[in-house]
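Everything below concerns the one structure shown next.
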Amino acid sequence: MSTLVDDDLWSAIGDPTRRRMLDLLLAAGDGTATTLSEQLPVTRQAIAKHLGVLDRVGLVHAAPAGREKRYRVDEAQLARAVAQLSSVGAAWDARLRRIKSIAEAIQRATATPERDNDNG
C-alpha cells in the first residue's frame, strides 16, 4: 500500500475554501465562479483563482458556458486523492501501533522491578 503522495494535489485540497468549493460542486454536479461566490463568503475573483488552482491539479475541469466556465469535479482525480489519504492513514496507523508497542514494553520493563522490590 505504497501510494505516492502528490504534494501539489494536497496543497490544493489543504485550503478550506477549496474543500468547500469541491463539496458544493459535487453536490450540484457543476458550477461557475458566480454560482460558487453566491454560496461562499469570498469574492467571485477569489473563487476564480481557487478554481484555477483546482484546475491545475486536475481536481476540476472547465467547459465554456456562455461568458463563463462551468466547472465539474474530476471524480477519478478525487478518487486518487482519497487513495493517497488512505495510504497515508494506513502508514500512520502502523507507526502508532509500533509506538504503542514500544511504550507498553517500556511500561512492562519498568513495572517488573517494582514488583520484585515489594516481594523482597
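The number of residues in region 26-39 being open to solvent by less than 30 Å² (accessible area, probe 1.4 Å) and under 11 Å from Ala62 (Cβ atoms) comes to 3.
If the condition is being open to solvent by less than 60 Å² (accessible area, probe 1.4 Å), among the β-branched types (Val, Ile, Thr) and at pLDDT 90 or above, then region 57-107 contributes Val57, Val60, Val73.
Under 7 Å between Cβ atoms, which residue pairs at least 6 apart in sequence (or on different chains) link something in region 11-22 that is closer than 13 Å to Val57 by Cβ with a partner that is of a type in the set (Lys, Arg)? Within 7 Å, the pairs are Ala12/Arg18; Ile13/Arg19.
The values are calculated or read from the model by the stated rules, or taken from the named source; none is laboratory data. Because the structure is a prediction, the values reported are computed rather than measured. A quick note on method: Cβ atoms are made from the backbone with ideal geometry, for glycine too, and the neighbour counts reach across all protein chains shown. Just the protein is used for accessible areas: all its heavy atoms, side chains included, with ligands, DNA and RNA removed. Shrake-Rupley method; radii C 1.70, N 1.55, O 1.52, S 1.80 Å.
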